[in-house]
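Novice: Let me begin by handing over the structure; questions about it come next.
Only the coordinates and a few stated rules stand behind these numbers; no lab work does. Given the structure is predicted, the values throughout are model-derived calculations rather than measurements. Neighbour counts run over all protein chains shown; Cβ positions are idealised from the backbone, glycine included.
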Amino acid sequence: MRYTQEDQRRLYELSKQLLDMSVPDDKAVAAQMAGQLRAVINYHEYRYYVLDDPVVSDYEYDQLFKKLEAIEERWPELVTPDSPTQRVSSDLTSAFPTVRHLAPLRSLANSYNAEDLIEWERMVRRLTGLPDDQPIEYVVEPKFDGSSIALVYENDVLVRAATRGNGLEGEDITPNARAIRAIPLQAPFSKVGIALAELRGEVLIRKDVFEKLNKERVAQGLEPFANARNAAAGGLRMKDPRETARRRLDAFVYTLNYAVDAEGNDMHRPLGTHEKAMQLAASLGFKVPDEGHKVCKDIHEAIAFCEEWEARRDAFPYEIDGMVVKINDYALRERCGSTEHHPRWAMAYKFKARQATTKLLDVEFQVGRTGAVTPVAKLAPVHLAGVTISSASLHNEDFIKSRDIRIGDTVLIERAGDVIPYVVKPLPELRTGQERPIEFPRACPVCHTPLYRAPGEAIWRCINNQCPAQVLQRIIYFVSKDGMDIEGLGKANVERFYELGWLRSPADVFRLDFEQIARLEGFGQKSAENLKRAIERAKHNPLHQLIASLSIPLVGKKVARLLAERVQCIFDLMHWSEEDFERIEGVGPAVAQSVKAFFANEGNVQMLREMEALGVNMCQTDEDRPATPAAHTPLAGKTILFTGALQHMTRKQAEEKAEAAGARVLSGVSKKLDILVVGEKPGSKLRKARELGTVQILSEKEFLELLGEDVEA
C-alpha cells in the first residue's frame, strides 16, 4: 500500500488522538473507533515491518492494538476479517519469493508489569484447570530486538531460511541467512532421529559491532543506521549476500517450532519441555539464549528475573526490549492452545518504552567544559522510560544537516538507561510547511568568540579558555563524583558560589570562606563544616583522580590512571615528548597533543601551582601504582571466561576475583582462552571450549578452591 504525505500526517495525528481516548461504552461510537484503530494499526505495521521506519514507539503501537482488542472482545460482532487482531503483523514485500512455514510463527501477547503476568497465569489456570497450589514452571529468556527468522533443516542440511512474514508465510532469504556465521549450514538432527525441523530465531547485531558499523559508514560518507534492529532487518533483505556478510549479523535460536522423523512422526513433543529442546539445539551447534536465561519454579520467580533484567538491560551485549516468559512443559502448552494472533502459553514482559515521538520546539546551543558547542533540542514534554523528557541531544551540526532536522518537526527520540535522550530522526512526512532550518552559530553563544572546527572533527569549539561557560562547567566537573568527588559541593552550589564571585577556577574551591558559607540561606554552621571536611579530604586524593578532574580533552579516568602510573609528580608531564606519551599502550598522538596543549597554557600551570600551595596532592600515591599480581598464583598470566549461572557470586564478582589473581578476562571462546569456568546451564560456550580441546574447564567450586577460598556445600 502507498500512503501520501497527507495520509501519513492524518494517520499519525489520529494515532495520537486515539492513544488519549478510552474505549467507549456506546457501541456505535466504539464501531467508529474500531475502524479508526484498524486504519492506524495497518499504517504503523507497514511502517515498522515493510519500511523498517516506525513513526511511533512499540509501546504506543501496543496500546493502540490493546484498545482494538478490547472493543472486539466486548462486541465480537464488530470483528472484521481484515482486522489486525485476526492475523499476525506482516513483513511481506515483493522483493523476495514467498514460502510457507512448516508451522505457524505467531506473535506474542504483551505485559508491562507484574500484575499483567499474574493475571496471565490466572488465565492459564482457568484454561487448564490447574489448582492454585500446583506450581507452573516457566522459562524466561531475553526478548531480542532484532528480526525474526525461521530456519528449515532437512536431512541435517539448511535448506531454507525465511522471515516471519504474516506468520503462515514469509520471504525466502536463504542465501542471506547462509552468510550469517552463527547459523549452521549443517546440524546433526539425524543423530536424534529428526529428519525435518524448523527452528525460530532472531537475527540481530551486537551493540559494539553496531557502533563500529556506524563509524565505518560515517567514514565512507554514508548515512548511519538509526538503530541495530533496522540494520539487522535490512541486512536480511540485501540483494547481494556479500553485503549481508558485511553487516556482521548474529543469530539466536529460541524455539524448536517443528520436528518430525523420516516417517512424519512428531519428534517435537516427546522432548517434553522447552528447556530440553533448547539444550538439544545448543548441542547441535545453534546459538541459544545463555545470558538472561532461567528456568523459574513459579510466576513470582519469573517476575523477579524479568525485573532484574529490566534494571540490567544496558549490560546485555545485544538490544533487548523485554523478556519472554514461557510455560516450560509442552503438554501444558497444548492444553493452553493459541489464538490466531498469539500462543496462550507465552507472554512478553515489555520493558519501559525508550522511544517516543514529540515536537521539536526550539534549539539551544550549550558550551561545555572543553569548549564543545552542543545543540540541545527543546521538546514538547513527553513521558519516556519512566521520566518526562523536555530536552534531548542533537549531537552536532553534521548530524542535524544529514537528517535535515528542522524546528517544528515531529521527531523520534530515544533514551537508553540513564543516558541523556537524543533525537533519532525527524518524520518529514508529517511536515506542514511551517518548519524552519536550524542555524548553527559561528560564534560562541556566551562569549562571542569565533568558533573553530578542527579538521576531521564534527564538533565546533569555543577556543577562549576563559569563556565563562567553560570555566563554570570545568569547576562543576572538577568537584563532581567523576572528578575530585567533593560531597556537598554539587552543581547547584557551584553555580551559586560562581554567581557570588567566590569561584573563578578549580583552585578557588580550596580558598572558600566557610564562615561566609555558614551565613548563606540554606547552609548553616554544620553544613559549612561538613563541606570544609569534604574539601580537606579531597586534597589527599590520588594523582590519577586529580588528572581526570582537570577537563583535559581526551583524558578520562582510564588515561589519567595510565599517566599517573608513570610519573612521580603531575608537573613531570610538562616535559614529556609525544614519544613519551605514545610508549603507553592505549595513549595515542591525539591524547599526547591534548596533554601537551594543556601544560603549554601558563594559566593551567599556574592553577596547579596554586593548588599545590593550598595543600592539594600533586604526586603519585600507592593507589596510583599498578597492582602486580604474585607470579606464583595459579591464574598469573592466564586468560579466563565464565559461562552459565554462578551460585556463590555474581559474574562481575567472579571476574574481579580472577583479575585480582592475575588473569585476563576474555569476551568469548577462542584459541587464546586458557580456562573456562562453568556454572549451571552453560550453553554454547562449553561446547565450543570442548571442541577446541585446549581449554581447561573448571566448575565454580574448583575455581574458588584454586583461589584458596572455602566453598560451602
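Novice: Percent relative contact order of the chain, based on C-alpha pairs within less than 8 angstrom and at least six residues apart?
Specialist: 10 percent
Novice: Would you mind calculating the gained length between residue 297 and residue 605 on full extension (0.36 nm times residue separation, minus the Cα-Cα distance), in nm to one decimal?
Specialist: 104.6 nm
Novice: Can I ask one more? For residue 621 and residue 10 in the same chain, what is the full-extension length gain: residue separation times 0.36 nm, less their Cα-Cα distance, in nm? Write down the numbers at each step before the final one.
Specialist: Working: separation 611, 0.36 × 611 = 219.96 nm, distance 6.53 nm.
Value of the extension gain: 213.4 nm.
Novice: Tell me which aspartates and glutamates have Cα within less than 14 Å of residue 212's Cα, excluding those fewer than 8 residues away on the same chain?
Specialist: Partners within reach: 223.
Novice: Moving on. Rank the residues 143, 297, 67 as a footprinting-exposure proxy: fewest other Cβ atoms within 10 Å of their Cβ go first.
Specialist: 297, 67, 143
Novice: Can you compute the modelled spin-label distance between residue 220 and residue 391, with each label point 7 Å from Cα toward Cβ, in nm?
Specialist: If labels sit at residue 220 and residue 391, their model points lie 3.7 nm apart.
Novice: Moving on to the next point. Could you state the angle between the C-alpha long axis of helix 651-660 and the longest principal axis of the C-alpha atoms of the chain, as a value from 0 to 90 degrees rounded to the nearest 10?
Specialist: Compared with the principal axis, the helix lies near 40 degrees.
Novice: If R₀ is 41 angstrom, what is the calculated FRET efficiency for the pair residue 514 and residue 422, using the beta carbon separation as r and rounding to 0.05? Mind showing how you got there, number by number?
Specialist: On the way: r = 41 Å, r/R0 = 0.99.
After rounding to 0.05, the efficiency reads 0.50.
Novice: Another question, then. Using R₀ = 51 Å, calculate the FRET efficiency as 1/(1 + (r/R₀)^6) where r is the Cβ-Cβ separation of residue 263 and residue 690; round to 0.05.
Specialist: Calculated transfer efficiency: 0.95.
Novice: Can you put 643, 98, 163 in order of Cβ neighbours within 10 angstrom, beginning with the fewest?
Specialist: Listing 643, 98, 163 from fewest to most nearby Cβ atoms yields 98, 643, 163.
Novice: Note down the nm distance, to one decimal, between modelled labels 7 Å out along Cα→Cβ at residue 492 and at residue 447.
Specialist: 2.9 nm
Novice: Taking Rh as the Kirkwood radius, which is the inverse of the mean 1/r over Cα pairs, what is the Rg/Rh value for region 182-286?
Specialist: Working: Rg = 17.5 Å, Rh = 15.8 Å.
My calculation of the ratio gives 1.11.
Novice: Check cross-link reach from residue 378 to the lysines: straight Cα distance under 25 Å, and skip same-chain residues fewer than eight apart.
Specialist: The qualifying lysines are 16, 352, 359, 401, 425, 491.
Novice: Compute the label zone of residue 168 within region 253-275: residues whose backbone N is under 20 Å from the point 7 Å along Cα-to-Cβ.
Specialist: Those under the cut-off are 257-258.
Novice: Just tell me which lysines come within less than 29 Å, Cα to Cα, of residue 701; anything on the same chain fewer than 8 places away is out.
Specialist: Partners found: 276, 287, 294, 297, 638, 652, 657, 671, 672, 681, 685, 688.
Novice: Also, quick follow-up: How large is log10 I(q)/I(0) at q = 0.09, 0.11 Å⁻¹ when the Debye formula is applied to the Cα atoms of the chain, each weighted equally and without solvent?
Specialist: Taken in order of the listed q values, log10 I(q)/I(0) reads -1.02, -1.36.
Novice: Ignoring everything except DSSP H segments at least 4 long, calculate the 222 nm mean residue ellipticity for the chain; use -39,500 (n - 2.57) per segment, divide by total residues, nearest 500. Mind dumping the intermediate values first?
Specialist: Numbers: 24 runs with 246 residues, N = 713.
Rounded to the nearest 500, the figure is -10000 deg cm²/dmol.
Novice: How far apart, in nanometres, would the label points at residue 185 and residue 404 be if each is projected 7 angstrom from Cα along the Cα-to-Cβ direction?
Specialist: 4.3 nm
Novice: Taking the number of other C-beta atoms within 10 Å as the exposure measure, put 62, 314 in order starting with the fewest. If you can, show how the numbers build up before the last one.
Specialist: Values: 62 18, 314 11.
With the sparsest Cβ surroundings first, the list reads 314, 62.
Novice: On a full-extension model of 0.36 nm per residue, what is the gain between residue 656 and residue 154, subtracting their alpha-carbon distance, rounded to one decimal in nm?
Specialist: Length difference between fully extended and current span is 176.2 nm.
Novice: First measure r as the distance between the Cβ atoms of residue 699 and residue 192, then evaluate 1/(1 + (r/R0)^6) with R0 = 25 Å and state the FRET efficiency to the nearest 0.05.
Specialist: Between residue 699 and residue 192 the formula returns 0.40.
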